[in-house]
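Colleague: Encoded as structure tokens, here's the structure I'll be asking about.
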């Protein structure tokens, strides 16, 4: 187990951000891995975070077990599986920087457009994507999750325009990413990332993970749905800027 205080000075805030994200404030979680990667390698940070995510997923899936959209997940699932497979096959050939930059720019453009539309119309019409849109964004989600751990923004681009009820929106994301995280487990095992040091370090952070996720669930249920969507659009812009900056740095 890692025992250096400097590691936990970065890891504890990172786990708290991820817990709040899992609780419903989607977008904050993308800031967690870069924060932890300040003190350990990005690969080790991701390996330590994966068991934590699996524990947090149990909390969020249980909390929202009755409020999620089966239709949305059914439309996404074939594309997600294809995207994860594509990401696995092309991981060594595709630049992380290019993927992050593309996802970042898409996220910013989408969030700015939606905020502009909602500024003109307080109640914009909800969209109901079909199989083509679900398959397309599913592939993007699966691919970016495998290549750059950045499946959140494409998922939000797909789901936010549907203007689901607050708990359905959060619950659908909880079930979706719980499934995606379990699909990632075999590759991590094959890559030898579940070392005793990483696993015990993850276990030491479980109490923080559980507490922050429960706090996120409690907080998000006290935010009006209109304000929640505005917060997530704003977070999506910030995350898009961060991904774009990371992508540019990686390309340069």
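Colleague: Checking the a/c ratio against 1.5 first, then a/b against b/c, what shape does the Cα gyration tensor give for the range 175-250?
Modeller: Here the range 175-250 falls in the oblate category.
Colleague: Given Cα positions, please report Rg to Rh for the chain, the hydrodynamic radius being the Kirkwood one.
Modeller: 0.95
Colleague: Top mean-square fluctuation among 153, 187, 161, Gaussian network model of the chain, C-alpha springs under 10 Å?
Modeller: Sorting by GNM fluctuation, first place goes to 187.
Colleague: Something else about it: Report the Cα centroid-to-centroid distance between the range 43-58 and the range 122-184 in angstrom, as an integer.
Modeller: Answer, in whole Å: 20.
Colleague: By how many degrees, between 0 and 90 and to the nearest 10, does the Cα long axis of helix 42-63 differ from the longest principal axis of the chain?
Modeller: For 42-63 against the chain, the angle is about 50 degrees.
Colleague: Report, in degrees rounded to the nearest 10, the 0 to 90 angle that the Cα long axis of helix 206-220 makes with the longest principal axis of the chain.
Modeller: Rounded to the nearest ten degrees, it is 10.
Colleague: Sticking with this structure for a sec: What angle do you read, to the nearest 10 degrees and between 0 and 90, between the alpha-carbon axis of helix 166-190 and the longest principal axis of the chain?
Modeller: On a 0 to 90 degree scale, this one is about 30.
Colleague: State whether the range 129-221 is rounded, prolate or oblate according to the following rule on the C-alpha gyration tensor (a ≥ b ≥ c being the square roots of its eigenvalues): a/c under 1.5 gives rounded; otherwise a/b larger than b/c gives prolate, and the remaining case gives oblate.
Modeller: The shape class here is oblate.
Colleague: Is it possible to state the helix-based mean residue ellipticity at 222 nm for the chain, with each DSSP H run of 4+ residues giving -39500 (n - 2.57), the sum divided by total residues, to the nearest 500 deg cm²/dmol? What is it?
Modeller: It lands at -26000 deg cm²/dmol.
Colleague: While we're on this one: Order 6-14, 56-64 from most to least packed using the mean count of other Cβ atoms within 10 Å.
Modeller: 56-64, 6-14
Bear in mind that the values in this text are calculations on the coordinates, not laboratory data. No experiment lies behind these values; they were computed from the predicted model shown. Reconstructed Cβ throughout: ideal geometry from the backbone, glycine too, with neighbour counts over all protein chains shown.
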